[in-house]
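Accompanying notes for the structure given below.
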2 protein chains.
Amino acid sequence: MSSETMPNWLAKRADLTPKRIAIENEEEKMTFKELNEQAKIMARQVASLDIEDEENIALLLKNDFPAIILIHALAYLDVTLVFLNTRLSPKELAFQVQDAGVKRLIYADNYEELVVKINLACQQEKVNLKFKLETISIKQLSTLKEMEIPLQTEINLAKIHSIIYTSGTTGTPKGVTLSYGNHFWSAVGSCLNLGLDNNDTWLLALPIFHVSGLSILMRSVIYGIRIVVHENFEAQKVNQSLLNHGVTLISVVSIQLQKMLDNLKQDSYPSSLRCVLLGGGFVPRSLLEESQKRKIPVFQTYGMTETASQIVTLSPEYLTSKLGSAGKPLFPAQLKIMSKDQEIINEVGEIVVKGPSVTKGYYHNEKATKEAFKEGWIYTGDLGYVDEEGFLYIVDRRSDLIISGGENIYPAEIETVLLTHPDVEEVGVTGMDDEKWGKVPIAFIKVKESKNRKNNQAIIDNKNNEDIKYFKDTKLLAHQLQHYCGERLAKYKVPTRIIFVESLPRNASNKLLRRKLLEYLN
Amino acid sequence: MSSETMPNWLAKRADLTPKRIAIENEEEKMTFKELNEQAKIMARQVASLDIEDEENIALLLKNDFPAIILIHALAYLDVTLVFLNTRLSPKELAFQVQDAGVKRLIYADNYEELVVKINLACQQEKVNLKFKLETISIKQLSTLKEMEIPLQTEINLAKIHSIIYTSGTTGTPKGVTLSYGNHFWSAVGSCLNLGLDNNDTWLLALPIFHVSGLSILMRSVIYGIRIVVHENFEAQKVNQSLLNHGVTLISVVSIQLQKMLDNLKQDSYPSSLRCVLLGGGFVPRSLLEESQKRKIPVFQTYGMTETASQIVTLSPEYLTSKLGSAGKPLFPAQLKIMSKDQEIINEVGEIVVKGPSVTKGYYHNEKATKEAFKEGWIYTGDLGYVDEEGFLYIVDRRSDLIISGGENIYPAEIETVLLTHPDVEEVGVTGMDDEKWGKVPIAFIKVKESKNRKNNQAIIDNKNNEDIKYFKDTKLLAHQLQHYCGERLAKYKVPTRIIFVESLPRNASNKLLRRKLLEYLN
């Protein structure tokens, strides 16, 4: 464990480049100096709450200035930040609050209702609750009198900065502990790959309670670069920012990039946009090809909460020749693909990584930590392969694997095929229990709006008989899609059922939640 | 102490960007892939020498490809590199070899004679020599059969990479231990200040046995950037490189920059040259002003062997407004000015620094380590002050301080004044014992060539009487210079003697050695 010390990052940044813009949104801008002053005030307000040393403080935040100030404020105190995903159910959040031994929750003002429900959920499960949960909104916090205490102006890289619960595609959520060192090394690794310019500006449209968003805040103060803050991801607004606000870097997931491209009137973005960092798992080939055709510098990347965001990213010189690859492990990191305790090449296996940006383990969960780590390497549970030159290709999340009649089926493979069909906008594939085969793949599909309109048109044309007409149409389309797959995939991979839906279940960072698909059938 | 691990840097770099040029000189170029292959071959050749684990290997190197390959080769073995300054006397080198417990020395082929002398000196002092010194040239080494051993493909940041003896303005030289972590953090700190571009190219004209040169090799593999290698510093050749070879960064000391400017026919360098990193202590204001006038992006910096090169550097936005300052401590570092155990501002005191790039101590010299460190801070012995905004101004090396009649005199202050005189090219000031005042300042001056020519002219014109004429001329000039100082400095600061010399004593990195000036009087 590293025990190097360095100055508080925001304090240092405000000292080095006080006048540079730190954060900016549609209404306001704030320099590093101003941000630091605000953070120090808020740190002293939090201190007035009579917090304990090394206390874990839970946060329910949205992407706005007060939240960013609060995150930096807490780095001035001897506390750990527990980031709560605002899209989870009160019961799920109550679990995390208890698991992390949290007794205080600070929330963005709009989450008052959710906070009430979390408290209720905590009380219902109170047998396990170690503390009474105290809650305060950022607005209330900002009215408190500052407490005159010495702030922590020096940090130890080994100290835990944050706990973030993994979305946990299966099983109980686990609190990933991320040290200051993990965040710093992640920023360094990214910088050594992407380079760094004083005029860089990173667009933040991913939630800051996810490591993908949080890591942008970290990079901002470490690099001394501006962030353009978006409260939510809205393709049109993001495009506006990219076209008009000198943004040079943005982090997105596939579906967001697709929406951006669909919304973009121009052929491309200004050449000042030098990196579209595309993460969140498997990426459809068609999206990469369209980006390439439109000269958009998409850098595919692979990372997870446990690696403090990116750990594998394609480097600039391989954007074209290695299209489809997530690249190689960043400078301080290492990667291998394992199958049955053997390191393999050119074959699909489990992605295993190592490096100073990787978590030292799960919060108070020795068992999960032991299961995930072997000799300093973390077994990610994700599937991929490396080619002869060491480039990683993401295949799937392991837990999504459908084993059917002894054959392995990767949902993403079927989804990729279906996405090339002209009527399909979004698709999610999962496995359904089957007496004969164990599991069989089924596909959930959102059809393109144009197609919907056609259906609606048909429905309107046949008012007396609309249900039947609609059913006939979708049944026909389902058959067409199965036929389409049958022409492109092994027979056992053809979805046994096609279910049409209005939207697919996604998490806060827009990652498809395949495990939730089956709930659509109930 | 950090115990983070990461891949061998060159191996990693060769994996990430194999085709980029790593090193280049007038004759040849080598990619990172080629450099890595060569380094691995040489590592196996060194291994055939039957070296021991954790052995300290001494190196007498010049700035060429074989030396760079060797340095990277040794990182593949479990050894520490002891860099010898090729300009030291055999006796001084014999001391270092013994102090570091070295039993093997690898040398560039042109140093054969020096090696014989070192061996002789070692034998003369053999009472202290723990081992018999075995020596081998790089040429001989490269004919050896490779030994098939597993190379060290992973490094621990806490491991000592190098030992470099400090030039030691006074007292016995001390071996500064620098870990892989020290070098890495130094590279990170520099990058967070200067930014990083894939097309960056660093010109290396400083000796690689000094930390100023060695750190460029480190940055090259960590950043993935090209180095243009110069065997020595020659102003004209350096200018040629800057004008024609796409160099974006160069490290120099004052006298080198002055020579470059004197030699430069054009007004400035191409705008692609984005940083002239100017280190090595006090910098004359006139040089900075000339650079600014000629639009040359000079970044003043402060560092020492103990800090693995730069630790304080001016940031891009303050080049103009803080001209003359060495800037602020790099992102991971901290600085304070101490006087009589008090931290002071706006007053001259000792420069004290802290950070992950700072050595953990002197090799096998607990006493010196204890003397230099206090609570994690290293007391540099150098003098400077910080202004209200925290910008550092270097005043002098403390050991050069002249105390005259109870008044402090900083040689650099007098030198700066003398350098502004039209007839002065170089100047060194030091203190001479004086019965009345304790010490008095005296100045050693190299006059401008044009002035010399005039003198020579005068001598030729008066053949019969040349000695007297010459003496008259210099005596006159000496009086003029004392008068010149008297007009600009307090009376006690005016040099009591002016001695004209052909060159000033400088170390391998061209730093003025004031302690050697007095030897000119013998």
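The values are calculated or read from the model by the stated rules, or taken from the named source; none is laboratory data. Small disclaimer: the values here were computed from a predicted structure and weren't measured. In this analysis, Cβ positions are derived from the backbone assuming ideal geometry, glycine residues included, and neighbour counts consider all displayed protein chains. Surface accessibility is based on the protein's heavy atoms, side chains included, excluding ligands, DNA and RNA. Shrake-Rupley method; radii C 1.70, N 1.55, O 1.52, S 1.80 Å.
The table below lists the values:
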item	result
Within the range A:285-384, GluC sites (Glu not before Pro) in DSSP loop having at most 11 other beta-carbon neighbours inside 10 Å	A:347, A:375
Cα centroid of the range B:251-330 to Cα centroid of the range A:214-260, whole Å	35 Å
Label spacing, shortest first and in nm, from residue B:448 to its equivalents in the remaining copies (7 angstrom along Cα→Cβ)	7.7
Spatially proximal lysines relative to residue A:139 (Cα-Cα < 24 Å; intrachain offsets below 8 disregarded)	A:29, A:33, A:40, A:62, A:103, A:117
Accessible heavy-atom area order of A:183, B:364, A:245, B:210, highest first, probe of 1.4 Å	B:364, A:245, B:210, A:183
Set of lysines with alpha-carbon distance to residue B:340 below 19 Å, sequence-local pairs under 8 removed	B:354, B:370, B:374
The range A:323-380: trypsin sites (Lys or Arg not before Pro) in DSSP loop, at most 10 other beta carbons within 10 Å	A:340
Theoretical ellipticity at 222 nm over chain A - DSSP helices of four or more residues, -39500 (n - 2.57) apiece, nearest 500	-9500 deg cm²/dmol
Area accessible to solvent at residue A:483, 1.4 Å probe radius, in Å²	120 Å²
At 7 Å out from Cα toward Cβ: residue B:487 inter-copy label distances (nm, ascending)	9.4
Of all DSSP beta bridges in chain B, antiparallel share, percent nearest 5	60 percent
Rg over Rh, two decimals, the range A:35-128 (C-alpha only, Kirkwood Rh)	0.97
Directionally averaged projected area (convex hull, Cα atoms, the range A:322-417), nm²	7.6 nm²
Estimated FRET transfer efficiency (residue A:387, residue B:342; beta-carbon r; R0 45 Å; 0.05)	0.15
Values of log10 I(q)/I(0), in the order q = 0.09, 0.13 Å⁻¹, for chain B under a Debye, Cα-only, solvent-free model	-0.68, -1.37
Farthest toward positive dipole pole in the range A:1-155 [+1 Lys/Arg, -1 Asp/Glu at C-beta], among A:21, A:5, A:124	A:124
Relative contact order of chain B, pairs being alpha-carbon contacts under 8 Å that are 6 or more residues apart, as %	11 percent
Under 16 Å from residue A:436, Cα to Cα: lysines that are on another chain or at least 8 residues apart	A:491, A:493
Potential lengthening between residue A:371 and residue A:237 on full extension [0.36 nm per residue; Cα-Cα distance subtracted]	44.0 nm
FRET efficiency, residue A:172 to residue A:197 (Cβ-Cβ, R0 30 Å, nearest 0.05)	0.10
Average beta-carbon neighbours from other chains, 10 Å sphere, peptide A:188-196	5
Beta bridges per DSSP with both ends in the protein assembly as shown, % antiparallel, nearest 5	60 percent
Of the trypsin sites (Lys or Arg not before Pro) in the range A:221-300, those whose Cβ has at most 14 other Cβ within 10 Å and which sit in DSSP loop	A:265, A:294, A:295
Heavy-atom accessible area order for A:474, A:153, largest first, 1.4 Å probe	A:153, A:474
For residue B:261, label point 7 Å along C-beta direction: distances to other copies, nm	5.3
Cα Rg, Dmax (largest Cα-Cα span) when computed across the protein assembly as shown, Å	33.1, 130
Nearest-0.05 FRET efficiency for residue A:401 and residue B:490, computed from C-beta distance (R0 60 Å)	0.15
Area of residue A:5 that stays accessible when all protein chains are in place (1.4 Å probe, Å², to 10)	40 Å²
Dipole moment magnitude, nearest 20 debye, chain A about Cα centre, only Lys, Arg, Asp, Glu C-beta charged	640 debye
